[in-house]
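The values are calculated or read from the model by the stated rules, or taken from the named source; none is laboratory data. Here the structure is a predicted model, which means the values were calculated and not measured. Cβ: placed from backbone, ideal geometry, glycine included. Neighbour counts: every protein chain shown.
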Amino acid sequence: MASTVSICNLALGHLGADKIDALSEASSEARACNRFYGQTLDALLAAGPPWRFARHATVLAEVTGTAAGAGSLGRWAHAYALPVDLMRVRALRLPDGPLSDDGAYPYELSGDRLHADISPAVLHYIRRIDDPSKFTPLFVEALSWHLAARLAMPLTRDAGQRQAAFQMALQTQAAASAADANDEPADVGFVSDYERVRGA
């Protein structure tokens, strides 16, 4: 099971650097991991594919009165507070609406508010996951290489090693993304040839 320290040690191992026993130790490796781990994780969650383990949906809390704001040109009927763990919006939907693209509604983000014309509103989004035990093994591998790319210059001063780590980060991220997509549930509307023949 992955932990923050084990992911940091994977990244350090990619660079041939010494491993750490805890992020609180006084080593340069631990200080660098403390500096870059959180930002690297956030960037991969926010800019990567919609990782299944980070997907979430919640009914938004409506904000009323002067605190609500009105978005651009005051064109929106409702304002909502954004979740504190929001990394990236996937879609805004009605509670009982379809999950297809046709079931998504327009919205505007402004500061810590989301403006829309529907109420109630369910936000489907990518959330920040701090617990590495929730990560898939391939996500851990991709994260470790992205972290290695960030650690390379502070720890090794070797631009070539940084570039090599970044290339591996892109390759492992692509593999993790493909595996994540392959684990998506099959389309419920799909009818196999076998079922079609039986129903004829």
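Across the range 70-112, which residue is modelled with the lowest pLDDT among those that are farther than 26 Å from ALA47 by Cα and part of a helix (DSSP H, G or I)?
So, considering only residues that are farther than 26 Å from ALA47 by Cα and part of a helix (DSSP H, G or I), the one modelled with the lowest pLDDT is LEU73.
Would you mind stating whether ILE20 is crowded, with 19+ Cβ neighbours inside 10 Å, among the aliphatic types (A, V, I, L, M) and free of Cβ contacts under 8 Å to residues at least 60 places away in the same chain?
Criteria met by ILE20.
Under 7 Å between Cβ atoms, which residue pairs at least 6 apart in sequence (or on different chains) link something in the range 120-147 that is in the same structural domain as TRP76 (by TED's automatic domain parsing) and in contact (Cβ under 8 Å) with a residue 40 or more places away in the chain with a partner that is surrounded by 21 or more Cβ atoms within 10 Å (Cβ to Cβ) and among the hydroxyl-bearing types (Ser, Thr, Tyr)?
Qualifying pairs under 7 Å: ALA121/TYR80.
Give the number of residues within the range 29-69 that are among the hydroxyl-bearing types (Ser, Thr, Tyr), more than 15 Å from VAL140 (Cβ to Cβ) and at pLDDT 95 or above.
The total comes to 1.
Checking the condition surrounded by 16 or more Cβ atoms within 10 Å (Cβ to Cβ), touching a Lys or Arg at 6+ places or on another chain (Cβ under 9 Å) and farther than 22 Å from ALA57 by Cα, which residue from ARG162, ARG127 passes?
ARG162
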